[in-house]
Each structure stands twice: as structure tokens, then as C-alpha cells.
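Below: one structure, written as C-alpha cells.
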Amino acid sequence: MDYHHLGTSDLKVSAICLGTMTYGQQNTEAEAHNQLDHASAQGINFIDTAEMYPVPPHAETYTRTETIVGNWLKHQSRDKVILATKVAGPRRGIEWIRGGPTSLDRSNIRAAIEGSLKRLQTDYIDLYQLHWPERNTPIFGQYQFDPSLEKERVPILEQLEALAELVQEGKIRHIGVSNEQPWGVMEFVRLAKEYDLPRIASIQNSYSLINRGYEFGMTEIGYREQISLLPYSPLAFGYLSAKYLTNPTAQGRVNDFPGFAQRYDKPNVLPAVMAYAELARKHNITPAQLALSFVYRRWFVTSTIIGATSMAQLEENLSAWEKPLSDDIMAEIESIHLRYMNPAP
């Protein structure tokens, strides 16, 4: 396992991060702890969760994931685990979270971190992330900015000031953003510099063979500002495993939660997936290994967030680390990419 510095921080994270959004809904606590034990044994020191997990979010399951992770964490050497979690933002129809957060203001951020610390049974969070932007911006499968959706919002400066207080109190070591856009990232960077506030160390955005939108502008920002990308959904909700090609009714998030995978409900997704699956078979690797190996070693990726509902899936995901792609395979990937460019933005 390789380890990389997270942005300009002192955190050194494994190149693979274990995501936990299935814990408490698709995975039992025992299954979750088995995954965490196995990942840790393979050298993974980076765990990502969120106050709203598991997903899809429901009032009945909200907070279960952090509780499950916390029950595991209390038996670990805390300084050996780099723990990331997130505060849920407003306007996503999740009124059961903190009474329905209307903003990422000081009181909401403080209430969120206090709840997460209690559930995770720890005194501090290594990386605290804003789960999605406060402002109007296209996210979660939307791909066009619509000015008509503008609403009142908490300024980014106010959000940074609230986070700064928690850093000063020792409850947070470093901060990050998620599902962000170029304008937002640069505002966080500018304001942190101007007002001497905590600097974002990372950005957690969707990135995969069929969603390479991050490469348009964001890679330069990440490089020049030393902000780490933590890509999520590298298997595109399981589409890039090709299981839905052979069995459209296969068990998985797409069929278990109808309507939840709107990012992938677009015309060129299946043709692109088919092309990548054929490429994988041509080179005697699984479609999942092709998709993951591609993301694992992109020059701008610091740590790839993987998730699994079974130990077999987790082992296949980890095995992709041992299968770096040749220059010839990468050239073929680019050829497919130019034919089906970002079908799942």
C-alpha cells in the first residue's frame, strides 16, 4: 500500500480509503467490523463516513453508520486511524437531521460535529468535510448551473470561521469539501489566505471511467493549490463492474433503491460500460479491476474511496491495486473516453 500526504496537511493517508455508506442498511454491524478489520490488515489507515449515512438516507437509519464505525474505533489505536466524516448541508429533503438544517451556519456545524464525535467515540476528527455546498450549484447528477435556483445562503467566510473555532478547540484537525465546483474551491482557498483561516486539504468528488468531469479545470486547481482529490463512486454505483450488463436485475444499489442513481440514468452509460468491460476481458482482468486500477493511479488522486457490501467485493476492489494498467491499456481507455466522454456527469 502506498501513502500520500493529504493536501498541505501533516496527514499521510493510504492510497485506498474505506467508505462506509452501506453500514447500517446494506451491511450489519458485524459485517462492517469484518470489513474494517480486513481493510486495516491490508494497510488501509483512512476511513470515511458521514453524519447522514447510510445512504439512501432515511430518518430510521440516520447516524447508524457513525455509531457502527465508533464501536469499532474504540478498540483501535486512535492515532493509527485517519478518520474523516462530513456535516450534511441544507435543502436536500433530510428534515430529520438536526431538525432540518437550513444552513451551514455556526450553530449547525457545531451541532453536527458534537453529534459525530459522540457517535464515533473520539475526541477529534482528522478530516471534517462539508458534504455538499451551501449555495446553489449543480451536484449529484445535475450538470448545468441554473441561476433561477438562487437562494439565501451562508457565506463561505462564515462557514470557514465556524470551522476555525472547532480547529482551535482541537475537535477537528483538518477540513475539506465535497461535491464542490471550481468557483467554490477557489473561494475557500482565497478566503482562508486572506483571513488566516484553516485551508481546505481535500475535495471529495465523484470520479470514474464514465465521470471524468473533475479533469476539466479542477485538476489544475488541485495541482497549483495542493488540494487532494478523494474520488468516490469509482465503480459508478456498480455499473463499471458490468454486473448489470449480464443481469439487469442484479442485486445492488441501482435495483435496491430505484431512482437513487440519477447520475447514471443517461443515454451513453451502458454503451460506455460495455466498451470498458470488453477492454477488461481482452486483457484478462475484471471490469471492476480495470475501473479501480484506472482511478487508483491517476496522478491527481490522493486516496480512492471504495465501498463494498460483501467481503468478496472488498477483496476484488483491493486486488485491483496489484494490477497497474499498461500504457497500451491506458491508450485504449482514452480512445473509449473520446467516443463516450463523461456519459454520467
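Taking the stated definitions as given, is Gly307 in contact with a strand residue (DSSP E or B) (Cβ under 6 Å, 6 or more places away or on another chain) and closer than 21 Å to Asn27 by Cβ? Against the criterion (in contact with a strand residue (DSSP E or B) (Cβ under 6 Å, 6 or more places away or on another chain) and closer than 21 Å to Asn27 by Cβ), Gly307 qualifies. If only residues of segment 61-104 that are of a type in the set (D, E, K, R) and at pLDDT 95 or above are counted, the one that is surrounded by the most Cβ atoms within 10 Å (Cβ to Cβ) is Glu66.
Scanning segment 61-73 for residues that are out of contact with any helix residue (DSSP H, G or I) (no Cβ under 9 Å at 6 or more places or on another chain) and of a type outside the set (S, T, N, Q) gives a single hit, Tyr62. Here is the figure for segment 85-121: residues that are part of a loop (DSSP other than H, G, I, E, B), of a type outside the set (A, V, I, L, M, F, W, C) and out of contact with any Asp or Glu (no Cβ under 8 Å at 6 or more places or on another chain) total 10. Can we say Leu314 is crowded, with 21+ Cβ neighbours inside 10 Å and either over 25 Å from Val55 (Cβ atoms) or modelled with pLDDT of 95 or more (or both)? No. Looking at segment 1-79, the strands (runs of 3 or more DSSP E) lying wholly inside it that each contain 1 or more residues that are more than 15 Å from the chain's Cα centre (by Cα) sit at 3-5, 12-14. Scanning segment 243-253 for any residue that is surrounded by 17 or more Cβ atoms within 10 Å (Cβ to Cβ), under 20 Å from the mean Cα position of the chain (by Cα) and not polar (S, T, N, Q) turns up at least one such residue. When the residues of segment 167-184 are narrowed to those that are hydrophobic (A, V, I, L, M, F, W, C) and crowded, with 21+ Cβ neighbours inside 10 Å, which ends up nearest to Ser9 (Cα to Cα)? If we take residues in segment 167-184 being hydrophobic (A, V, I, L, M, F, W, C) and crowded, with 21+ Cβ neighbours inside 10 Å, then Ile175 is nearest to Ser9 (Cα to Cα). Of all residue pairs spaced 6 or more apart or on separate chains, those with beta-carbon atoms under 7 Å, a first member in segment 255-271 that is of a type in the set (Ser, Thr, Tyr) and a second member that is outside any loop (DSSP other than H, G, I, E, B) are Tyr264/Tyr239.
The values are calculated or read from the model by the stated rules, or taken from the named source; none is laboratory data. Quick caveat, the model's predicted, so the values are computed rather than measured. Note: ideal-geometry Cβ built from the backbone for every residue, glycine included; neighbour counts use all protein chains shown.
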